[in-house]
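The values are calculated or read from the model by the stated rules, or taken from the named source; none is laboratory data. Just so we're clear, the structure is a prediction, and the values are computed from it rather than from any experiment. Please note: Cβ atoms are built from the backbone with ideal geometry, for glycine as well, and neighbour counts cover all protein chains shown.
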Amino acid sequence: MSTDLIDRPSSISRWLLGVSLVCLIAAILFGWLLPVYTDEVGWRFLRRAAIDGADSLLNDSCGPTSFATPPWFIMPMRYFSAIANDVLAAPIFVRAAGVVCALVSIGLFWRLVQQLEAEPEQSRLTAALVFALLTAGVLPLVLVMSRPEQILVLTSALIVLTSLARFPQLNSARAAWCKMLLIVALSIVAQSYHLKGVVYVLIALGSLLVSSRGKGTVLPRTLGALLLVASAAVSAVYWSGRFQCPNDPILFEMFASESIFVTFLQQNGFSAFVLQLLKGANPLNYVALAVPVEPPMSHWLPPNRVAPVLHTPLFLAICLIWAFATIIAIAFLIAFVVRRGLLAFGDTRVVIAVSVAAVIAAWGASQLNRNVYEAAHVLPMLAIFIVICWSLRTTDRISVYARGLTFIAVPIAIVTQAFVMWAYAVPLARANTTPGYAAGQPYSVSIAGRREIELNISEAMAASGMPKGRRLNRLVIDDLTYLVLQDSYRPLHFTGIFGPWEGTIKDPIAYLIDRDSDGIVVGCRYLPPRLREAAAKSGPICAISREGMTRLAAAAAAK
């Protein structure tokens, strides 16, 4: 490769950085148009311990595991979630939270590059590459999903930055205590949001152990490590217990089908199990999730927007830049370790990079089915791994290829993102001009028209005869009505009543009457025809009161 272009003055690196950063920010802001996907509201629904006294599932057919009281150290985040969700109870705020978190993560990545790269030009080139990687394909749209993955990325980036930070105004012991407290607190925040947070403890442990040096730092680092291990053990028991389902064999099988240990170790044998682990550990599995496909998973994006002939070139282009960036990062890491031997592991960057790689590999190896939102944490963590490893470069030869990759990645990112905007801008804009449920996206809701939807919900409930002036009990809701009715007691999600997560529930009305439910308030499109016909309606909302369900049950029994 000719180095004439690459060795030009730093104005080129400034241009690359500016273009890639502007493109990434524009792509994130474009994500404002994305309707709120069901799993964004779903995780709010599952974290109700501060409201109901326990976290719950979509229904209670699992028996004793349907409700779970989180460990005490998780409860502060449950109270935070309850307050935030109550104050910001509208789809537009869900999307705003996602966009803000994505923008903050960009700032943290930029800060990480600055902290690791002392040379200004190399700092700009590395940042430009990372921003280009995060811009490619539909990844920016995935990054604005307001889900636990955002918290994992934010806390992990802050943990790494904390480990690398220097506090010249404090002595080493005090700095070590400060770092330990912050790293442990950030890890607990991650553990409170998702089971993935338990796996991410590896990053916190690695970052903590190399965050300080000196005799005065041994005690805080040791104590912090013990706290991390203990909290992870308790969190692992809590999260794994939530997905046990002793009273519903159908849901038990559905949960078990997500487990690699059940599916491969027990059913296919040890060799297939090991092979699947190795295949799953490949981070490029998640790069494929950033490629526009037809049909999109659960129609989280409008369907029929990507011609099949375009999928292969988009896939190759996006995988190319991620694959080469990762390979070069691994080459830098190996070269650094080979040159320094065991002394390399005395470098903070090496330990953190290995910890990040371990988390990526461990989570990937454990997964059988990869939903698109998994890319929202694996690929940003892979970007952090790349940033750290690129700062370890020891050979000019590899550095030339690394710098050259930036010149390739930025145009690819621009082209793929331009295609995404061209393909989805019109249907996404149209979806957000109509309040309620997004047309063509059965599991998404528009961010527009909060007041109109609240009025529809109120009118439908009143017409159905639903009681006023008290807290409603075991109300069936959907992603849109939940944001208005989240103050009800232990609500039930429509997917846990009408499918696909209904389990052994064969007669929804009989089940709801048995649970002393006050009724159903969901989008009419989610109801079976018989219930839709009997429901009170206002706009897209249907409501059936307790009395209405009793009448339906009596009519069914009379047949």
Search result, residues across segment 185-196 that are at pLDDT 95 or above and either surrounded by 20 or more Cβ atoms within 10 Å (Cβ to Cβ) or in contact with a Ser or Thr (Cβ under 6 Å, 6 or more places away or on another chain) (or both): Leu186, Ser187, Ile188, Val189, Ala190, Gln191, Ser192
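Return the only residue of Gly523, Gly519, Gly503, Gly496 being within 19 Å of Pro246 (Cα to Cα) and touching a helix residue (DSSP H, G or I) at 6+ places or on another chain (Cβ under 8 Å).
Exactly one residue qualifies, and that residue is Gly503.
When you check Val338 against the structure, is it part of a helix (DSSP H, G or I), crowded, with 20+ Cβ neighbours inside 10 Å and hydrophobic (A, V, I, L, M, F, W, C), yes or no?
no
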Give segment 416-462 a look and list any residue that's of a type in the set (A, V, I, L, M), free of Cβ contacts under 8 Å to residues at least 40 places away in the same chain and assigned to a loop (DSSP other than H, G, I, E, B), or say none. Ala439
Could you tell me whether Thr312 is under 27 Å from Leu34 (Cα atoms), modelled with pLDDT of 90 or more and of a type in the set (Ser, Thr, Tyr)? yes
Scan segment 154-164 and tell me whether some residue there is farther than 23 Å from Ile203 by Cα and buried (at least 18 other Cβ atoms within 10 Å of the Cβ). no
Go through segment 37-50 and give me each residue that's touching a helix residue (DSSP H, G or I) at 6+ places or on another chain (Cβ under 7 Å), of a type in the set (A, V, I, L, M, F, W, C) and either crowded, with 21+ Cβ neighbours inside 10 Å or without any contact (Cβ under 8 Å) to a residue 24 or more places away in the chain (or both). Val41, Phe45, Ala49
Suppose we filter Gly63, Gly42 for residues that are touching a His at 6+ places or on another chain (Cβ under 8 Å) and modelled with pLDDT under 90; which single one remains? Gly42
Selection count, segment 182-212, where residues are more than 19 Å from Trp43 (Cα to Cα) and free of Cβ contacts under 8 Å to residues at least 40 places away in the same chain: 4
Residue tally, condition crowded, with 21+ Cβ neighbours inside 10 Å and within 17 Å of Tyr79 (Cα to Cα), over segment 56-68: 1
